[in-house]
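Q: The structure that follows is given in the form of structure tokens.
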Amino acid sequence: MREIELSYTVEPPAEQLRERLTPRSILEYADVYEVRACEPTDDGAEATVAIDGSEMTVQFSALEDGYEYRFVDGEMFAERYSRLTVEDGEETRVTATARYTFDSIWSFVLDRLGAKTVRRELELTITNLLEDVKRAEANDPPREE
């Protein structure tokens, strides 16, 4: 099992970031998956995604400050858990975590090789979230009173 965690202090307020977070947007921000379906469930959502011709189901659970999600089937991962949270306080902190192992007899090698790809996916998710908030602000600037 391999774990990667990225955490950044960012400028936009936590509330603005959380407003943009949905299960679909998280998958789209990763810029890796083709989202084929995303339906609400009692505790979050379930999405069907495709990557390199392989379909996977992703189950999301809503958290107070973001989402956690698991890839529950598919040919790629034996196990994949991710979490994206936005914490407020004196500073806004965005944290993305992924724990995974590939479904292969060579998983000890593949886990290590996949670390760069998984890290990049987490980086893109955070970067695209921040860009989405910037675009939203540019299209709907705050009103002066």
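Since every read-out is calculated from the coordinates, none of them should be taken as a lab result. What you see is a predicted model, and the numbers here were worked out from it, not measured in a lab. All Cβ positions, even for glycine, are placed from backbone atoms using ideal geometry, and neighbour counts span all protein chains on display.
Q: Only four residue types carry charge here, +1 at the Cβ of Lys and Arg and -1 at the Cβ of Asp and Glu. Report the dipole size of region 2-137 about the Cα centre in Debye, rounded to the nearest 20.
A: Charge dipole, region 2-137, about its Cα centre: 500 debye, nearest 20.
Q: Which Rg and Dmax, in Å, describe the Cα atoms of region 2-137?
A: When restricted to the Cα atoms of region 2-137, Rg and Dmax are 14.7, 48 Å.
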